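Novice: Submitted below is the structure of interest, expressed as structure tokens.
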Amino acid sequence: MVCIYCGSGTSVVNSRVQKLSNGVWRRRKCQRCNAIFTSIEKPYYPTSIVISSNRSTVLPFLPEKLFLSVYECLKHRQNPIEDAKHICDTITRKMISSSVDDNEIKNTELRNLVNVTLNRFDRTAAIHYQAFHTNK
Ligand SMILES: [Zn+2]
């Protein structure tokens, strides 16, 4: 990875595995300007997991779309961004473990997974989610 400030090469000075979000956190130091910055390596889900529907459509799983959907339901909370981030990590972990055989999850299963996870965390958020995401 190149330096975000000058574009020169960098070296890793510290690295930690993030088990909950399945990522690797790294502190990098520029070999030219000595700037230090953080990078995070995570799986790229749109090419790994697909969402299918009863209408025979298959779409790539977009973590950003899930985040926005969950975030909208958590706006009443004090830290909706952080809460949405952690809940999306949980949902993604559960989703991947349930789609391990074929890398595909039905949109109804995903909605149910989001609903169950939100309901355990915040009942109001789950009700908000149900109002906009019904399984028809
Ligand atoms: Zn630099």
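Values in this text are rule-based calculations from the coordinates and carry no lab data. Only a predicted model underlies this, so the values are computations on that prediction, with no experimental measurement involved. Don't worry about glycine lacking a Cβ; one is built from the backbone with ideal geometry, like all the others, and counts go over all protein chains shown.
Novice: Quick check on my filter: what residues within segment 121-136 are part of a helix (DSSP H, G or I) and among the polar types (S, T, N, Q)?
Specialist: Passing the criteria: Thr124, Gln130.
Novice: Which members of segment 91-107 meet the condition of being touching a residue at least 40 places away in the same chain (Cβ under 8 Å) and surrounded by 16 or more Cβ atoms within 10 Å (Cβ to Cβ)?
Specialist: Thr92, Met95, Ile96, Ser99, Ile105, Asn107
Novice: Select from segment 4-33 the residues that are of a type in the set (D, E, K, R) and within 11 Å of the ligand (Cβ to nearest atom) and write down the one among them that is nearest to Ser98 (Cα to Cα).
Specialist: Arg28
Novice: While we're on this one: Please determine, by comparing only the residues of segment 51-76 that are hydroxyl-bearing (Ser, Thr, Tyr) and either more than 21 Å from Asp89 (Cβ to Cβ) or surrounded by fewer than 12 Cβ atoms within 10 Å (Cβ to Cβ) (or both), which one is farthest from the chain's Cα centre (by Cα).
Specialist: Among residues in segment 51-76 that are hydroxyl-bearing (Ser, Thr, Tyr) and either more than 21 Å from Asp89 (Cβ to Cβ) or surrounded by fewer than 12 Cβ atoms within 10 Å (Cβ to Cβ) (or both), the one farthest from the chain's Cα centre (by Cα) is Ser56.
Novice: Under the condition of being surrounded by 12 or more Cβ atoms within 10 Å (Cβ to Cβ) and more than 17 Å from Ile96 (Cβ to Cβ), which residue from segment 34-48 is farthest from the ligand (Cβ to nearest atom)?
Specialist: The qualifying residue farthest from the ligand (Cβ to nearest atom) is Ser39.
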